[in-house]
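Visitor: I have a structure here, written as structure tokens, and I will follow up with some questions on it.
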There are 2 protein chains.
Amino acid sequence: MSAGNMLVAQGGGPTAVINCSLVAVIEEVKRRQVKGTGKIVGALRSIDGLIDEDFIDLGKERPSNLKKICEAPGAALGSCRRKMKEEDYALILEIFKKYDIRYFFYIGGNGSMHTANAVYKLAIEIGYDLNVVGIPKTIDNDLAHTDHTPGFGSAARFIASTTREIGLDIKSLPTPISIIETPGRNAGWLAAASSLAKEEEGDAPNFIYMPERELKLDGFLSDVESSYAKYGRAVIVVSEGIKDESGHYLGAVKSEASRDGFGRGLPGGVAAYLAEKVSDILKLRARYEKPGLGARTSVKYISEVDRKEALLVGKKAVSLALKGMSGIMVTLEREKSKKYICKTGTVPLEHVAIAEKLIPPEFINANGNYVTDAFINYCVPLIGKPIQSFPSLIGHKLRIYHS
Amino acid sequence: MSAGNMLVAQGGGPTAVINCSLVAVIEEVKRRQVKGTGKIVGALRSIDGLIDEDFIDLGKERPSNLKKICEAPGAALGSCRRKMKEEDYALILEIFKKYDIRYFFYIGGNGSMHTANAVYKLAIEIGYDLNVVGIPKTIDNDLAHTDHTPGFGSAARFIASTTREIGLDIKSLPTPISIIETPGRNAGWLAAASSLAKEEEGDAPNFIYMPERELKLDGFLSDVESSYAKYGRAVIVVSEGIKDESGHYLGAVKSEASRDGFGRGLPGGVAAYLAEKVSDILKLRARYEKPGLGARTSVKYISEVDRKEALLVGKKAVSLALKGMSGIMVTLEREKSKKYICKTGTVPLEHVAIAEKLIPPEFINANGNYVTDAFINYCVPLIGKPIQSFPSLIGHKLRIYHS
């Protein structure tokens with residue numbers, strides 16, 4: 001192992017398996033460590049803590065505790081919503097020099113990869129020897145150049161399970177219109193994943209609306225009516241980031257204070273908005289659910305495949321960095337085989353930074369209100385073992401003598 | 001076993017264990033059945049199906065399938081939102097005569113007990129020999145004369161677990177204000193149950209607002225500010241049925257079509273409403289979650305205690321009816337002992353019908369923004385084994401040589 005210390009941080013929103021990647025980094029570093037080599041340093045609160053030099057010695061964490069940390073909700077090191085300024089990067093490099101940090105592992109989404117890339121470039125510019133390796137994570141599955149992202153599979157499992165369970169409830173006591181809002185600002189991957197809940201024609205979800213297509217209220221209402229006419233109910237899944245024909249978030253919180261670190265308005269509220277429209281215009285009783293953060297916190301719905309891959313990318317990042325690779329993010333590459341096989345690859349950080357992977361056209365149906373079989377084939381292996389299936393009563397018609 | 005057939009139906013909204021009570025009725029009837037005695041009949045879609053004579057022969061259900069039905073979301077027989085008319089009761093008695101139904105088991109909440117009571121009284125009036133026994137269920141825990149209701153423990157477990165998981169997420173990446181909306185129109189039992197998520201000072205939930213106390217916006221905002229000043233965040237749990245000082249639901253869907261079968265406006269939307277107020281007035285980023293139906297559908301959070309008690313009340317109903325008892329609902333009675341011990345009792349249906357059990361004053365703190373220890377002692381045994389606890393990193397401060 002080369003000289004120098006290693007730093008790891010977690011950026012952006014947590015996922016149900018983000019701590020698996022962290023633990024994999026720590027374990028792999030320890031496995032390869034020989035006496036006299038550097039420390040594995042954790043930056044608390046991501047870049048905020050890095051700049052405050054708020055560091056912990058991860059080499060001293062107990063292995064048995066690390067195992068449990070793997071399935072704790074939230075980012076174990078803490079995260080932040082810092083809007084990076086130009087001078088922050090120089091500051092980071094100063095601190096890296098001060099602590100002799102020679103390896104920087106950043107577990108995050110496209111915003112974090114942008115930061116990692118800027119640090120990587122500045123290190124080259126000033127001639128500081130540093131290996132920067134990005135480790136992907138996001139429930140939104142919107143990172144480019146990777147088949148999918150760790151965190152998505154578990155969130156998809158949560159959304160599919162929740163949709164199936166709510167669908168059965170609504171079937172037994174129709175509301176009759178129920179709208180479920182999922183995370184997903186610009187990319188509808190999680191809303192799309194609700195399709196894995198459906199076993200039979202008529203099952204929830206009846207329609208899925210994704211931000212990749214604008215929502216026309218007329219079309220939406222006529223979809224609701226058609227499902228109601230056919231089944232007496234409709235369970236509809238919508239991404240929080242659905243936009244109208246003029247490109248505005250439907251039902252978004254408009255207040256200034258609720259804009260995010262990048263000044264973007266905070267979506268959310270579309271399900272409430274649409275439920276009110278159904279109620280007002282179609283005169284049908286409508287309710288909505290917004291399980292929200294559950295998609296990234298519900299440890300009961302962790303996908304085993306997702307967990308393994310989150311460990312895999314963490315471990316791989318360490319081995320690539322120790323081989324001298326830098327300025328890259330670890331990716332997941334699916335093999336073109338019948339059985340699901342996924343290996344790791346790499347991509348330059350600058351290709352992932354900021355870029356956003358939307359659902360490709362072949363995964364959305366022509367009407368823009370459901371997914372295609374191609375999407376289902378793509379998504380099924382990611383959620384792990386099939387979600388729980390529930391029986392019905394056989395329902396033998398009563399035959400009874402009566403006068 | 002006396003002559004005549006037995007009918008069972010499920011009324012109102014489902015719970016995670018409502019099917020346990022149904023299965024217990026079926027199994028207990030079969031266990032006691034001898035050749036030549038009556039059938040156990042299921043009315044599909046509750047009173048709607050009863051009046052349509054939409055009956056199935058539950059005696060023919062496979063035992064192995066019934067076991068699985070126990071943990072299926074939704075009401076296995078189906079339910080309805082029928083607004084009962086006077087003539088409906090006479091119709092029910094006509095149908096009971098036609099099918100020689102001599103036992104009527106109704107699994108439901110206070111609305112269903114009102115129906116069961118009316119059927120019971122009419123049978124006496126017309127001299128028809130009928131045993132009516134109510135079986136309690138509701139996630140809302142608002143039935144009178146029972147220590148608690150089957151369905152509540154599992155919903156409470158779901159709310160407490162979800163609050164803890166969301167709390168850990170918010171702690172690692174503060175939003176900083178997060179508002180979670182729980183079911184509960186007039187009774188705040190489920191919001192109160194979120195208190196079981198808290199392990200340490202500062203943990204979620206920081207405040208709980210229940211419909212038993214009116215919400216004053218000023219007080220709410222100053223609570224939010226105080227938590228933010230102290231911890232940099234606030235996770236707040238609110239019942240959907242929170243009312244303002246003039247008794248109106250906050251953020252309720254006002255539309256006519258979304259009124260319930262009893263003409264009551266549909267609450268829900270209070271978390272969105274309060275998040276917007278926090279954002280507008282306090283200029284703090286705020287988000288909200290509305291896991292909604294999850295509280296009654298999430299089979300992963302079933303409380304073992306709740307499941308056992310749901311089976312117990314179903315079984316007990318059959319044995320009481322066969323002893324000739326009628327016009328009663330089975331209750332749960334907690335013994336005054338250190339260890340949690342709960343037995344069954346009975347109460348006349350007319351004492352439960354329509355009555356609503358709100359949280360008693362000794363369970364709510366003086367400020368009306370949290371529960372008391374007495375509530376926690378009451379609630380803890382009902383959710384089964386303790387909810388999952390998650391470790392943190394030990395966080396050994398880094399000691400490193402640097403120039």
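Here, each number is a calculation from the coordinates, and none is a lab measurement. It should be emphasised that the depicted structure is a prediction, and the values quoted were computed from it without experimental measurement. Glycine gets a Cβ as well: all are built from the backbone with ideal geometry, and neighbour counts include every protein chain shown.
Visitor: Nearest 5 is fine: what % of DSSP beta bridges in chain A come out antiparallel, could you say? Please list the in-between numbers first.
Guide: Numbers: 13 of 43 bridges.
Given both bridge residues lie in chain A, the antiparallel proportion sits at roughly 30 percent.
Visitor: Something else about it: Could you work out, residue by residue across B:293-306, how many beta carbons of other chains sit within 10 Å of that residue's beta carbon, and then give the average as an integer?
Guide: Details: counts 13, 8, 0, 3, 10, 9, 6, 7, 2, 0, 0, 0, 0, 0.
Shielding by partners across B:293-306 averages 4.
Visitor: Now for a different question. What's the Cα-based Rg to Rh of region B:96-158, Rh via Kirkwood? Spell out each step's value before the answer.
Guide: On the way: Rg = 14.2 Å, Rh = 12.9 Å.
Result: Rg/Rh = 1.10.
Visitor: Report, by chain and number, residues whose modeled amide H sits under 5 Å from the one on B:Val347, excluding near sequence neighbours (fewer than 5 apart, same chain).
Guide: Hits under the 5 Å cutoff: B:Met329, B:Thr331.
Visitor: Going through region A:349-403, which GluC sites (Glu not before Pro) have at most 14 other Cβ atoms within 10 Å and a DSSP loop state? Walk me through the intermediate numbers first.
Guide: Details: sites: A:Glu350, A:Glu356, A:Glu362; in loops: A:Glu356.
Taking region A:349-403 and a limit of 14 other Cβ atoms within 10 Å, the loop GluC sites (Glu not before Pro) found are A:Glu356.
Visitor: So what is log10(I(q)/I(0)) for region A:295-345 at q = 0.20, 0.23, 0.30 1/Å, when the Debye sum runs over its Cα atoms only?
Guide: For the requested q values the scattering log ratios are -0.81, -0.92, -1.11.
Visitor: Here's something else I'd like to know. With a ≥ b ≥ c the root eigenvalues of the C-alpha gyration tensor of region A:268-332, is it rounded (a/c under 1.5), prolate (a/b larger than b/c) or oblate?
Guide: Working: a/c = 5.77, a/b = 3.11, b/c = 1.86.
Prolate.
Visitor: Further question on the same structure: Once the other residues with Cβ under 10 Å from the Cβ of B:Glu28 are scored (Lys, Arg +1; Asp, Glu -1), what is the net sum?
Guide: Values: positive: B:Lys30, B:Arg31, B:Arg32, B:Lys315, B:Lys316; negative: B:Glu27.
Overall, the nearby charge balance is +4.
Visitor: Can I ask one more? Helix-only mean residue ellipticity at 222 nm, the protein assembly as shown, DSSP H runs n ≥ 4 weighted -39,500 (n - 2.57), per residue, nearest 500. What is it?
Guide: One gets -10500 deg cm²/dmol as the mean residue ellipticity at 222 nm.
Visitor: Return the inverse of the average 1/r over all pairs of distinct C-alpha atoms in region A:144-244, which is the Kirkwood hydrodynamic radius, in Å to one decimal.
Guide: Values: mean 1/r = 0.0723 Å⁻¹.
With all distinct Cα pairs of region A:144-244 included, I get 13.8 Å.
Visitor: Now for a different question. Hey, what angle do you get for helix A:217-231 against the long axis of chain A, alpha-carbon based, 0 to 90 degrees rounded to 10?
Guide: That helix lies at roughly 60 degrees to the long axis.
Visitor: Turning to a different aspect of this structure: At 7 angstrom along the Cα-to-beta-carbon line, where would the label on A:His351 sit relative to the other copies? Give the distances in nm, shortest first.
Guide: Those label-point separations list as 7.4 nm.
Visitor: What are the label-to-label distances in nm, one decimal and shortest first, from B:Lys98 to the same spot in the other copies, with labels 7 Å along Cα to Cβ?
Guide: The projected label point of B:Lys98 is separated from its counterparts by 8.5 nm.
Visitor: Shifting gears a bit: Provide a whole-number value for the mean count of partner chain Cβ atoms within 10 Å of the Cβ atoms in peptide A:13-22. Walk me through the intermediate numbers first.
Guide: Values: counts 4, 5, 1, 2, 0, 1, 3, 0, 0, 1.
Neighbouring Cβ atoms belonging to other protein chains average 2 per residue here.
Visitor: Rounded to two decimals, what is Rg over Rh for region B:314-403 when you use alpha-carbon atoms and the Kirkwood radius?
Guide: Working: Rg = 23.3 Å, Rh = 18.1 Å.
Looking at region B:314-403, the ratio lands at 1.28.
Visitor: If I take every Cα pair under 8 Å that is 6 or more residues apart in chain B, average their sequence separation and divide by the length, what percent do I get for the relative contact order? Let's see the in-between values first.
Guide: Values: 884 pairs, mean separation 85.6, N = 403.
Normalised by residue count, the contact order of chain B is 21 percent.
Visitor: Run the label-point distances for A:Tyr340 please: 7 Å along Cα to Cβ, every other copy, nanometres, shortest first.
Guide: 3.7
Visitor: If you take every DSSP beta bridge fully contained in the protein assembly as shown, what fraction is antiparallel? Give it as a percent rounded to 5. The partial results should precede the final answer.
Guide: Details: 29 of 89 bridges.
Expressed as a percentage, antiparallel bridges in the protein assembly as shown total about 35.
Visitor: Sort A:115-124, B:15-24 by packing, meaning the average of other beta carbons within 10 Å per residue, with the highest value first.
Guide: Details: A:115-124: 21.1, B:15-24: 29.6.
Peptide ranking by packing, descending: B:15-24, A:115-124.
Visitor: Next question. Which angle from 0 to 90°, rounded to the nearest 10, does the C-alpha axis of helix A:86-98 make with the longest principal axis of chain A?
Guide: Computed tilt is about 50 degrees.
Visitor: Oh, and also: I need the shape label for region A:41-104. Rule: rounded when a/c is under 1.5, else prolate if a/b > b/c, else oblate, with a, b, c from the alpha carbon gyration tensor.
Guide: oblate
Visitor: Cα gyration tensor of region B:1-97, axes a ≥ b ≥ c as square roots of the eigenvalues: rounded (a/c below 1.5), prolate (a/b > b/c) or oblate? Walk me through the numbers before you get to the answer.
Guide: On the way: a/c = 2.47, a/b = 1.14, b/c = 2.16.
Here region B:1-97 falls in the oblate category.
Visitor: Quick one: of B:Lys83/B:Lys216; B:Lys60/B:Lys357; A:Lys315/A:Lys336; A:Lys277/B:Lys83; A:Lys67/A:Lys385, which pairs are farther than 28 Å apart, Cα to Cα?
Guide: Among B:Lys83/B:Lys216; B:Lys60/B:Lys357; A:Lys315/A:Lys336; A:Lys277/B:Lys83; A:Lys67/A:Lys385, the Cα-Cα distance tops 28 Å for B:Lys83/B:Lys216; B:Lys60/B:Lys357.
Visitor: A further question on this structure: Report the per residue volume, in Å³, of the convex hull enclosing the C-alpha atoms of chain B. Write down the numbers at each step before the final one.
Guide: Working: hull volume 65.9 nm³, N = 403.
Hull volume normalised by residue count: 164 Å³.
Visitor: While we're on this one: For peptide A:75-82, compute the average count of partner chain beta-carbon atoms within 10 Å of each residue's beta-carbon.
Guide: The per-residue average across the peptide is 4.
Visitor: Here is a further query. State log₁₀ I(q)/I(0) for the protein assembly as shown at q = 0.07 Å⁻¹ as given by the Debye formula over alpha-carbon point scatterers of equal weight, solvent excluded.
Guide: Each listed q maps to, in turn, -0.54.
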